[in-house]
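Notes follow once the structure below has been shown.
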Amino acid sequence: MSANSAFDFITLRAIPISWRTKKQTVVARSSTEAEYRAMTSTISEVIWLRWLLLELGVRSTIPTPLHCDL
C-alpha cells in the first residue's frame with residue numbers, strides 16, 4: 001500500500017465482516033486529519049451495519065468500539 005491508501009475493516013465477534021482498501025481522494029494536511037477522515041467513513045458503515053442487523057432481528061445494546069492508531 002502507498003502512503004495515500006486507506007484500509008478499513010469491521011469485525012463481528014472477531015470475524016471480519018466488512019473491509020476495503022481505497023486510494024484516498026483528498027490530500028490531508030496531517031496524518032491525524034487522515035485518521036479522522038478514515039474514522040468518519042468507518043463510523044458511517046458501522047451505523048449502516050447496525051441498522052441492517054436490527055432489520056434482521058439482531059439487537060445490540062452495547063456501543064460499538066472503534067479503534068484508531070493515532
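The values are calculated or read from the model by the stated rules, or taken from the named source; none is laboratory data. All figures in this text were calculated on a predicted structure; none of them were measured in a lab. Cβ: placed from backbone, ideal geometry, glycine included. Neighbour counts: every protein chain shown.
So the values come out like this:
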| item | result |
| --- | --- |
| The stretch 41-70, residues that are touching a helix residue (DSSP H, G or I) at 6+ places or on another chain (Cβ under 7 Å) and of a type in the set (S, T, N, Q) | Ser60, Thr64 |
| Tally of residues being part of a helix (DSSP H, G or I) and touching a residue at least 12 places away in the same chain (Cβ under 8 Å) across the stretch 32-70 | 13 |
| Whichever residue in the stretch 52-70 is hydrophobic (A, V, I, L, M, F, W, C), surrounded by 10 or more Cβ atoms within 10 Å (Cβ to Cβ) and modelled with pLDDT under 90 and, among such residues, is nearest to Tyr36 (Cα to Cα) | Cys68 |
| Any hit, the stretch 58-70, residues being within 20 Å of Ala14 (Cα to Cα), within 11 Å of the chain's Cα centre (by Cα) and among the acidic types (Asp, Glu) | no |
| Considering residues of the stretch 18-51 that are more than 11 Å from the chain's Cα centre (by Cα) and surrounded by 13 or more Cβ atoms within 10 Å (Cβ to Cβ) only, the residue modelled with the lowest pLDDT | Gln24 |
| Within the stretch 1-17, tally of residues that are over 20 Å from Ile47 (Cα atoms) and either modelled with pLDDT of 75 or more or of a type in the set (A, V, I, L, M) (or both) | 2 |
